[in-house]
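Working notes for the structure below.
The values are calculated or read from the model by the stated rules, or taken from the named source; none is laboratory data. Keep in mind that what you see is a predicted model, and the values were worked out from it rather than measured. Cβ: placed from backbone, ideal geometry, glycine included. Neighbour counts: every protein chain shown.
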Amino acid sequence: MHRLIMSKKTPYFIRITIVITFLFLNLCSAETGKIIKDIKFTNINEHDLKLDLYLPEKTEKSALVVWIHGGGWQKGSKKDCKLNWLTEHGYSVASISYRLSQVAKFPAQLHDCKGAIRWLRANSSKYGFEPNDIIVAGSSAGGHLAALVGTTSGNERLEGEVGGNLTQPSSVSAIIDYYGATDFILRSKTQPSRANEVGSVVYNLLGGGADKKVELAKLASAAHHVTKDDPPLLIFHGDKDNTVLIDQSEASA
């Protein structure tokens, strides 16, 4: 069974609920419009960070959905964009890359995501989408990062300077989280094999177990940043999920 968890601000999502439901029910159609692949938005230590843009037939003033891929923070690719079909419904979509955990430890991944959003906002007039209507979305590890992007706007420790464009905010209008972890402190207790053990995905992300790196684990947990001023948050999570337990979504709802 799947459960839809919605925050008190869910009404913002009325205009996109129908198209998101298409994804949820696996009724997606192919994307339309223009596709621009491998746009480099920065280079860090000789490591290029790129994004793919999927544009609708009419881009002027379109909302932009920024997709963050999953893969346990250690694999995956921007090529695996689950929402590129939204161009059929008038949305622009950007699928972004970020440094994986074997390349850099947290908060590098979040810095990269925010750097991509600043770059996209700075270049919005070039591609036609609305800079003040940006939605961030992601699945699994990407959902974790999407939730953090939306709940840590302006947090100096988590903004970073990746890609420059520092006059541009990394804030978003809404967050869509598909079964991402949001509380590593809780996960260290309910799923210690995935959060504390050497070689586990969270251990590799933080550079140590969540039970030992408590301050960093909290910093990397959206549930510990949530405030009443955050943008609306929409969460999809299956209650039979044994990889990321549903308590991770309930923690930030």
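Of the residues in region 233-250, at least one is part of a helix (DSSP H, G or I) and small (Gly, Ala, Ser).
Out of all the residues in region 107-121, is one or more modelled with pLDDT under 95, within 24 Å of His89 (Cα to Cα), touching a strand residue (DSSP E or B) at 6+ places or on another chain (Cβ under 7 Å) and among the charged types (D, E, K, R)? No. Restricting the search to helices (runs of 4 or more DSSP H) fully inside region 60-174 and requiring at least 2 residues that are free of Cβ contacts under 8 Å to residues at least 12 places away in the same chain and surrounded by fewer than 24 Cβ atoms within 10 Å (Cβ to Cβ) gives 124-127. Here Asp211, Asp230 are screened, and the one residue that is over 13 Å from the mean Cα position of the chain (by Cα), farther than 19 Å from Trp119 by Cα, surrounded by fewer than 23 Cβ atoms within 10 Å (Cβ to Cβ) and assigned by TED's automatic domain parsing to the domain that holds Arg121 is Asp230. Being assigned to a helix (DSSP H, G or I) and either aliphatic (A, V, I, L, M) or in contact with a Pro (Cβ under 9 Å, 6 or more places away or on another chain) (or both) is the filter here; which residues of region 175-193 pass it? Within region 175-193, Ile185, Leu186 meet the criteria. Checking the structure you have, find out if any residue of region 38-58 is of a type in the set (Ser, Thr, Tyr), modelled with pLDDT under 95 and not assigned by TED's automatic domain parsing to the domain that holds Leu205. Scanning region 38-58 turns up no residue that is of a type in the set (Ser, Thr, Tyr), modelled with pLDDT under 95 and not assigned by TED's automatic domain parsing to the domain that holds Leu205.
Among the listed residues Leu205, Leu216, identify the single one that is within 23 Å of Asp80 (Cβ to Cβ) and either assigned to a helix (DSSP H, G or I) or over 14 Å from the mean Cα position of the chain (by Cα) (or both). Among Leu205, Leu216, only Leu205 is within 23 Å of Asp80 (Cβ to Cβ) and either assigned to a helix (DSSP H, G or I) or over 14 Å from the mean Cα position of the chain (by Cα) (or both).
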